[in-house]
Amino acid sequence: MKLWLSLLTILWLPLMAQQSFELPVPPRPANRVLDQARLFAVEPERRQALEAKLAEFTGRTGYQVEVALFDNLIGVELPEQSEMIKDEWLGDAPGLVLVVVTDSGDWRIAWASTPDVVTESGTVPVLDEHDVAPQTRVEVVNTLRALPRMETGSLDGVGRLVDALLSSLESSFTPDERPRAQRLRVWVLGIGALAGVVLLALMAVTLSRRGDAKRRDQWVFPDVPVGQRLGAAAGGGKISSRTFSQGARANAGDEASEA
């Protein structure tokens, strides 16, 4: 009996120790900022400004953005704690929770789960109109990772994280004007090309008509009044005349008599 009790004690002690050191999930804050690190105790106006910024973004987009600040975590890892907070605070609503450990400067984003649909080609996520696409989530995380590491207890560091987070999310909820501009550009180019084709066709028709008109032209010599020559009604061509002298005629007569 004592052996069994000893075995049970050995097995249960680590579990009880872990349970005793785990931080319970704090209740959801009314204004979207949980400050268990007490960063805003000295400057509450900065907390109010941050809460107003988060409220404006959520009211405009319908996407929940919550911030939880801890000075440290005991008995639980940051990924586990952030997932528990996200499940407790958001449930099935689209949104995220940014959990920051102010002592170490570590942070993690816990995204609300996106339902998946199983198809013949695999699993496809179904995005709500107020949700964020997976590729956008990767871009947001990379943007935050590119920031300088937050110093211990830095209000400015928290502000930079939140500002970069909201700025990166804007692309998912701001209407993209590029497709509209591209369509307008295509229309303009199409109209310009059509006008060019019509102009070329008109030029071709004009040149063709001019060629036909030249082929139909008839060249007629005008009537020229010409006086009578040698009794002819009209003279044309080349006309030549010869005159014989009296001496030439006499010679011609002598030659004839001798013959």
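The values are calculated or read from the model by the stated rules, or taken from the named source; none is laboratory data. Treat the numbers as computed from the prediction; the structure is a model and nothing was measured. We place every Cβ from the backbone using ideal geometry, glycine too, and count neighbours over all the protein chains shown. Accessible surface is based on the protein model in full, side chains and every heavy atom, while ligands, DNA and RNA are left aside. Shrake-Rupley method; radii C 1.70, N 1.55, O 1.52, S 1.80 Å.
Results, tabulated for the structure shown:
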item: Given (1) under 26 Å from ASP92 (Cβ atoms); (2) at pLDDT below 65; (3) of a type in the set (Gly, Ala, Ser), number of the condition ALA181 does not satisfy; result: (1)
item: Members of region 73-93 found to be more than 20 Å from SER104 (Cβ to Cβ), in contact with a strand residue (DSSP E or B) (Cβ under 9 Å, 6 or more places away or on another chain) and open to solvent by 30 Å² or more (accessible area, probe 1.4 Å), listed by number; result: ASP87, ALA93
item: Neighbours by Cβ (under 8 Å, 6+ apart or cross-chain): first from region 133-151, within 11 Å of ALA164 (Cα to Cα); second in a loop (DSSP other than H, G, I, E, B); result: VAL140/VAL132
item: ARG160 under 25 Å from GLU56 (Cβ atoms), open to solvent by 100 Å² or more (accessible area, probe 1.4 Å) and modelled with pLDDT of 85 or more; result: yes
item: Every pair of residues 6+ apart whose Cβ atoms lie under 8 Å, when the first sits in region 40-53 and is over 17 Å from ASP163 (Cβ atoms) while the second is open to solvent by less than 70 Å² (accessible area, probe 1.4 Å) and modelled with pLDDT of 95 or more; result: ALA41/ASP35
item: Index of the failed condition, PRO26 passing every other in (1) in contact with a helix residue (DSSP H, G or I) (Cβ under 7 Å, 6 or more places away or on another chain); (2) surrounded by 13 or more Cβ atoms within 10 Å (Cβ to Cβ); result: (1)
item: Residue ID - farthest from ALA41 (Cα to Cα), chosen from residues in region 142-157 that are out of contact with any Asp or Glu (no Cβ under 8 Å at 6 or more places or on another chain) and of a type in the set (A, V, I, L, M); result: ALA146
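Condition check ((1) among the small types (Gly, Ala, Ser); (2) modelled with pLDDT of 95 or more; (3) in a helix (DSSP H, G or I)) across all residues:
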| position | (1), (2), (3) |
| --- | --- |
| SER6 | yes, no, yes |
| ALA17 | yes, no, yes |
| PRO26 | no, no, no |
| ALA30 | yes, no, no |
| LEU34 | no, yes, no |
| ALA49 | yes, yes, yes |
| LEU54 | no, yes, yes |
| ARG60 | no, no, yes |
| GLU66 | no, yes, no |
